[in-house]
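Quick notes on the structure that follows.
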Amino acid sequence: MKFVSTLALAAALITVPGIAFADEADAPSANDILVIGQRDPLQLDAETTTGSRLGLSARETPATVQTITQADIQFRGLRTAREAFADIPGAISGNVPGNPAAVMMRGFSGNVVSILQDGVRVSTSTVVQRDTNTWHFDRIEVIKGPASVLFGEGALGGVINKVTRKPTFDGTHMETLFSYGSFNTITAAGGVNLQLSDTVAIRADASNMRSDSLYDVDDNHTRSSGLTASVLFKPLDSLSILIAVDHFDDRYDGTYQGVPLVSSTVAKDASDILQSANGLVIDKALRRANYNPRGSYSSADETTLRSRIDLALGGGWTWGTDLTWYTAKRDFVLSDTQTFAAPSTGFANGSFLRTVQRFYHDHEFWNVRSALSNDTTIGGLRNRLTIGAEYNQTDFASLRQSAPNSAVARVDPYTPAVGTIPTANRAYTSGNVNFDSTLRTISVFAEDALNLTPKWLLVGSVRYDDIDLERAVTNFNVTPNTVQRANPRYKPFSWRAGSTYDLTGGLTLYAQYTTATVPVSSMLLQSITNTGFRLTKGRSVEGGFKLSALDQHVTLTGAAYHIRQDNILTRDPANPALTVQGGTQSSLGVEFSLGATITPQLSAGGSFGYVDAKYDELIEAGGAVRTGNRPINTPTTTANAYVAYAVPGTPLTFSGFARHVSGFYTDTANTIHVNGRTTFDAAVAWALAETATITLRGRNLTDAFYGEYSGYPTTNIYIGAPRSVELSLSTRF
């Protein structure tokens, strides 16, 4: 069932979303459901666990650190990880089939943006990230720019830390969320916090989201569910023990690959949002088409067990240890390439040539991290120090099977007979290999923050990793089967030096220099050839300010940065058939974020980001020079704004949101360009009582037709969802 357009138009006329809580850093009370005023809107004085292990606040951290709380998530109507990541200032996100919720941040994307679960990096985001629903996140913390010094290889563009809900000692309470919206999208979620005593508290949450398609695409049924539970035990004021289990699973039938481009000569309703050098266009007539064969799907089933022990030793010393065990099974069974071929006999409108792939992941990971911290005074100067070590092991097996175009019939773009995914192994003759990997990493790290004066803080960090990868690649397409082996060893060293200075009590200036290391491709999936390359090296310089004014009712942050990555893969200028290291990619940009509580009833805010990203040196196959070109899926500007107003004397709150993303290229040759877009969302929230709120929300109110992201191949463009509405009920008891 789909909502009719008249209801969507009604949502547009009503305008404006929301629920937000008075103080997003704390658990809200029942009376806070409709309160929109808050102090310190950008959370500058809240402690961040992602920016440092020293207990620094966002203001004290010499980097751009931002937090999206669960209250923000509900207020803005962010249902999935992709939607939440796309709401990060200066970032965009897309659902690439093999990498759901892929993120571009500060001009870098893929395995150079690390995504953590409760502070632990299981693997590169291109391997582990899924488009899960957001109910289970207490908050999402983001640190922009290189962060290998904190979380190891891969964190060049930034780090996103998904922090799950935990038990609290603020009594027993329960929250629920029920919603129904366009495209038959249904969400049911609930959580309960039980304070059993002064020393024991338990938290449990469950969620389920189902949709015919979040993109309004044919044959794209989507489901995502989660179950998280944890117990917090504090037998002493000096000791706390957390034990938690998280389980998430999802499945996307007929995985959406984006709309394939067709020749302008056959297009029935060519859109002007794309320009290409070869005459290909986006045809609006194909907006809802899905060319995956029947039986295509993408799914994941993952479970995490965690524990955290914190012990105060006295004299300013504390000790903390994290233990994590993770297991996952992921399936990718789909046609990930749909290439337009010119009209021919039997295909007057042209056709799409399709490949078929079956990729399977069997993934186990465990990690132990222990750190000793001290907060004391040295020579009259406050000094905060953390030293620690980390060990983890990954066992990863991935069967990767590919079939040629002949395995499934090519299809007419307008009357497709999609066929069925082949199930017999004999169909997968283009590739049938298994990656077996064992990855062991030993790390030692140290951080220090020294107050030279009460206003002037110096921060330094170092990290050394010893990475041991055992790789075997078995080829099943030959008889007898062949096995290639490699055992590369990487020993990267990363460091950070920065400073913050409290200029006026409300205005803090900061600067930092930091380094990072990144493999030339995803560590667990790189070819035997790529294991022979060194890690690429990244470095960044950043400076900015963090300002709070008017009794912290107005908060403004700004940053300017330059990031450079050296030794990326390129081709030898003298022999383009030879792949070598020596390429360079960089980005130069500025970012601003504003939050303001104008009156107790009116709040507003927004952000702006500009990035000049380019390949400083890159040669591709055949000697094609890409130097000076912009990386794919990298808009130069992003901006968003919001306003919320609680009508005095009524139970109504109106809110509105605008987001702008400039155009981007889908290929490194910069021959296919997708225009930018501006979208508007709005909603009205009605407090039924102190414990319940109904929200009517409209998304993409102007029904803009726009390209959201490009995947693989570069001629497939993900089209953003059309106008939609949603009715939700949230409660807290």
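Every read-out reported here was derived from the displayed coordinates using simple, explicitly stated rules and does not represent laboratory data. Note that the structure is a prediction, hence the values are computed from the model and not measured. In this analysis, Cβ positions are derived from the backbone assuming ideal geometry, glycine residues included, and neighbour counts consider all displayed protein chains.
Where does the charge balance sit around residue 607 when Lys and Arg score +1, Asp and Glu -1, over other residues with C-beta under 15 Å from its C-beta?
Net charge in that neighbourhood comes out at +2.
Stretch residue 375-residue 509 to full length: gain in nm at 0.36 nm per residue minus the Cα-Cα span?
Extra length available between residue 375 and residue 509 comes to 45.9 nm.
Shown here is the pair-distance distribution of region 266-322: with all Cα-Cα distances grouped in 10 Å bins from zero up to the longest one, the shares run 15, 20, 15, 11, 11, 16, 12, 1 percent.
Provide, as a two-decimal number, the C-alpha radius of gyration of region 368-479 over 2.2 N^0.38 Å, N being how many residues it has.
Values: Rg = 27.0 Å, N = 112, 2.2 N^0.38 = 13.2 Å.
So region 368-479 has a normalised radius of gyration of 2.04.
Direction-averaged projected area, Cα convex hull, region 510-637: 10.5 nm², rounded to one decimal. Using a Förster distance of 45 Å, how high is the FRET efficiency between residue 247 and residue 218, based on the Cβ-Cβ distance and rounded to 0.05? Once the sixth-power term is evaluated, E becomes 0.90. Here, the chain is characterised by an Rg to Rh ratio of 0.95, where Rg is the alpha-carbon radius of gyration and Rh the Kirkwood radius. Measuring between their Cα centroids, region 216-248 and region 544-577 lie 32 Å from each other.
Can you give the extra length, in nm with one decimal, that the chain gains between residue 485 and residue 311 once fully stretched, where that is 0.36 nm per residue apart less the Cα-Cα distance? Write down the numbers at each step before the final one.
Working: separation 174, 0.36 × 174 = 62.64 nm, distance 4.40 nm.
Between residue 485 and residue 311, full extension yields 58.2 nm more.
Placing a label point 7 Å from the Cα of residue 452 along the Cα-to-Cβ line, the residues of region 521-553 whose backbone N sits under 20 Å from it are 541-546.
Chymotrypsin sites (Phe, Trp or Tyr not before Pro) within region 105-186: which are DSSP loop residues with at most 15 other Cβ atoms inside 10 Å? It would help to have the intermediate numbers written out before the result.
On the way: sites: 108, 135, 137, 151, 169, 178, 180, 183; in loops: 135, 169.
Listed in order of number, the matching sites are 169.
Using θ = phi - 60° in the Karplus curve 6.51 cos²θ - 1.76 cosθ + 1.60, the 3J(HN,Hα) couplings for region 572-579 round to 5, x, 7, 8, x, 7, 9, 8 Hz; x is entered for Gly and Pro.
Please say if region 402-556 is rounded, prolate or oblate, where rounded means a/c under 1.5 for a ≥ b ≥ c the square roots of the C-alpha gyration tensor eigenvalues, and otherwise the choice is prolate for a/b larger than b/c and oblate otherwise?
Oblate.
Using the rule -39500 (n - 2.57) for each DSSP H run of four or more residues, divided by the residues of the chain, the 222 nm mean residue ellipticity is -1000 deg cm²/dmol. Enumerate the lysines that residue 284 could reach by cross-link, defined here as Cα to Cα under 23 Å, with residues fewer than 8 away along the same chain left out. Within the straight-line limit of under 23 Å, residue 284 reaches these lysines: 2, 268. Distance between the C-alpha centres of region 474-510 and region 167-207: 36 Å, rounded to the whole angstrom. Cross-link partners of residue 329 among lysines, defined as those whose alpha carbon lies under 21 angstrom from its own and excluding same-chain residues fewer than eight positions apart: 162.
Work out, step by step, the length gained on full extension between residue 417 and residue 733: first 0.36 nm times the residue separation, then minus their alpha carbon distance; give nm to one decimal.
108.6 nm
What the Cα convex hull of region 568-719 gives, in volume per residue, is 140 Å³. Straight-distance candidates among the lysines for linking to residue 537, with alpha-carbon spacing under 24 Å and chain neighbours fewer than 8 residues away dropped: 144, 491, 614. Its relative contact order, with pairs defined as Cα atoms under 8 Å and 6+ residues apart, puts region 260-411 at 20 percent. Simple spin-label estimate for residue 277 and residue 534 gives 3.2 nm between the two label positions (7 Å along the Cα-to-Cβ direction from each Cα). Look at the Cα gyration tensor of region 128-266: its axes a ≥ b ≥ c give a/c of at least 1.5 with a/b at or below b/c, and that counts as oblate. For region 5-732, the relative contact order works out to 14 percent when only alpha carbon pairs closer than 8 Å and six or more residues apart are counted. Compute the distance in nm between two label points, each set 7 Å from the Cα along the Cα-to-Cβ direction, one at residue 301 and one at residue 440. The two pseudo-label positions are separated by 3.0 nm.
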